[in-house]
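To keep things clear, I will list the structure first and then write my remarks on it.
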Amino acid sequence: MTLYRDIRRGRRLVVAGIGLGYAMALAVLVIRVVNTEPGFGEILGSIALAMSAAIAPTLAWVSLDRRPGLLPAAGLAALITGLVNLVVLPVAVLMALIWRQAWSNRPVKVEVSRSMWWAGVALAMGSAISVFVLFAHLDPVCTETLADGTVLQVDPSEQGFASGWRLGVGSTGTSSQSGPDGPVSSSCTSDTVIWPEAVASMAVSLGVIVAASRKWPVNTEEPATVESPKRPVSP
């Protein structure tokens, strides 16, 4: 089997993982849109969360442009994405395994310097940072529905929901009450996404991709046209 055939086989594995990764990101977007209250901030938050999930396959995509040293970073980003969002963990692990197989089967060995290895880790951590930024500030919202159908927004602190700068995820508590002097029902969401959080999260995701595509060195060596022993190339 020629060297070019080995390279094509490896690229097909990488592309398969990329397709799986983008499908996962699309699923994250759809699931969150369906399961959150409609609103500008929440819609942006869903897009930001999907962009975070898309970091791993995008890093793998960039690696195909003569940047093979980015592939391990893509695999690490996939695992981090799965750990941050356990719902997609099985898919994320499968992506990482596919890219690891592609990396292990490379006919030409790639040696990554210590500094570039740490740079790859930093890029992979962007998939977690973008999610943490999205939920960095708790913004609870509480409403009461009156008997005539009027919906009023009330102070969340009265319902035991605090706001502040800390990491948290959205959760909802509801209660009902009947009576002429009280609301028919009340509902509280402990954390909503506001547009500054979503924009900041998107900026982190875009920053990771821009850094990878512009700062990661390109391998300018051409592979041999015949089989040859494994030799180191630049990252």
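Tabulated results
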| quantity | calculated |
| --- | --- |
| Residue in the stretch 55-74 that is closer than 30 Å to Pro140 by Cβ and assigned by TED's automatic domain parsing to the domain that holds Ala200 present | yes |
| Cross-chain or 6+ apart pairs with Cβ under 6 Å, the stretch 7-32 first and closer than 15 Å to Gly75 by Cα and in contact (Cβ under 8 Å) with a residue 24 or more places away in the chain, then surrounded by 15 or more Cβ atoms within 10 Å (Cβ to Cβ) and of a type in the set (Phe, Trp, Tyr) | Gly17/Trp99; Ile18/Trp61 |
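Per-residue answers, yes or no, for (1) among the polar types (S, T, N, Q); (2) in contact with a Leu (Cβ under 7 Å, 6 or more places away or on another chain); (3) buried (at least 21 other Cβ atoms within 10 Å of the Cβ):
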position: Met24; (1), (2), (3): no, no, yes
position: Val33; (1), (2), (3): no, no, no
position: Thr36; (1), (2), (3): yes, no, no
position: Ile43; (1), (2), (3): no, no, no
position: Ser52; (1), (2), (3): yes, no, yes
position: Pro57; (1), (2), (3): no, no, yes
position: Asp65; (1), (2), (3): no, no, no
position: Gly75; (1), (2), (3): no, no, yes
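The values are calculated or read from the model by the stated rules, or taken from the named source; none is laboratory data. Quantities reported herein were computed from a predicted structural model and do not represent experimental measurements. As a convention, Cβ positions derive from the backbone with ideal geometry for all residues, glycine included, and neighbour counts pool all protein chains shown.
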